[in-house]
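The values are calculated or read from the model by the stated rules, or taken from the named source; none is laboratory data. Keep in mind it's a predicted model, so treat the numbers as computed, not measured. A quick note on method: Cβ atoms are made from the backbone with ideal geometry, for glycine too, and the neighbour counts reach across all protein chains shown.
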Amino acid sequence: MLLADTDDGPVELGPALSIFDPVYFGIDEFGQPKRVPLIERNILIGGEPGSGKSGLLNGIVAHAALSLDCRLVLLDGKRVELGQWRKCADVFVGPNIEQALKLLRRLQIMMDRRYDFLEECERRKIVPGDVFTAYLLAIDEIAYFSATVGSKQQKEEFNLLLRDLVARGRAIGLIVAAATQRPSSKIIDTDLRDLFAWRFAGRCTNDSSSDIVLGHGWVQKGWSANTISPNNPGAGLLIAENGSPELLKVAYLDDRTCAAIAAYAATLRGTAPATGRRKLRPVPLAA
């Protein structure tokens, strides 16, 4: 239970979520809710504008923001897609390749230190209520950092660092949710793609782009995000590792809803602006 101190006295807030809870993505083709466990997993999101990519990414960030056992690290080449969550995040990086690389290097150091800790404790992964919390690294528009700005050396370093975080971060609670508008082999290396346990392909302009997100060969088996109607925004194909694609309609959060959730999450985290409120103080569960 959490209380927020205000000028009018303590106000009880609702319960927080946990990053160990499955994340609500939307509904499947039968109208049933689709919830996906993301702890110890990563997700790659691809598709053209309006395909549901941003809706899914914001839904994941919203869940993490409301989970007090998860810290947010945001990379946004456009600044505005994830900008509403800035007050909930430990770090927010806009269109700046130098800052992006610095952030990924810091996360790599943190990851190595956590593995040192687990090794000393003779453990293999973090658990709920552990001494350190999980991290969500959310990246909107990978292409901006991996293929558009900076020198060749900086782009290569970004790809190498991101690959390492995706490959080794699962056991220490680092979740990577990365999105791009125009998936291609130059932007998403197939070796990197295959490290993502979950992959979502919103409508793509061609079969090749669909296969780059979902995995090679799915078009030949009849699964292509290119067949999704442009008049069906938010629809896409979701696939898990060792699974088959399934049709999904992504939940949509408009700007006003995102702003409201972000403001509430900032209050839960004690990072809201000082407008009569002070930081949250915990109350014993028996109270």
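Residue pairs whose Cβ atoms lie under 7 Å apart, separated by 6 or more positions or on different chains, with the first residue in segment 101-123 and under 16 Å from G169 (Cβ atoms) and the second exposed (fewer than 12 other Cβ atoms within 10 Å of the Cβ), are L118/R124.
Table: residues versus (1) part of a helix (DSSP H, G or I); (2) modelled with pLDDT of 90 or more.
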position: A147; (1), (2): yes, no
position: G150; (1), (2): no, yes
position: F158; (1), (2): yes, yes
position: A167; (1), (2): yes, yes
position: I175; (1), (2): no, yes
position: P183; (1), (2): no, no
position: I187; (1), (2): no, no
position: R199; (1), (2): no, yes
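For segment 255-287, a residue qualifies if it is modelled with pLDDT under 50 and among the basic types (K, R), and the qualifying residues are R277, R278, K279, R281.
When the strands (runs of 3 or more DSSP E) confined to segment 6-106 are screened for residues that are of a type outside the set (F, W, Y) and surrounded by fewer than 18 Cβ atoms within 10 Å (Cβ to Cβ), those reaching at least 2 such residues are found at 9-12, 23-28, 33-36. If you go through segment 163-203 and keep only what is within 20 Å of L247 (Cα to Cα), surrounded by fewer than 22 Cβ atoms within 10 Å (Cβ to Cβ) and among the β-branched types (V, I, T), you end up with nothing.
For L195, the stated conditions hold: it is farther than 19 Å from S54 by Cα and modelled with pLDDT under 95. Considering segment 213-227, the residues that are in a helix (DSSP H, G or I) and in contact with a strand residue (DSSP E or B) (Cβ under 7 Å, 6 or more places away or on another chain) include one that is surrounded by the fewest Cβ atoms within 10 Å (Cβ to Cβ), namely V213. Looking across segment 228-258, the residues that are outside any loop (DSSP other than H, G, I, E, B) and of a type in the set (V, I, T) come down to I239, V250, T257. Condition check for A265 on (1) crowded, with 23+ Cβ neighbours inside 10 Å; (2) of a type in the set (A, V, I, L, M, F, W, C); (3) in contact with an Asp or Glu (Cβ under 8 Å, 6 or more places away or on another chain): one failure, at (3).
Taking the criterion of being among the basic types (K, R), under 30 Å from C121 (Cβ atoms) and over 15 Å from the mean Cα position of the chain (by Cα), the residues of segment 153-200 that qualify are R163, R168.
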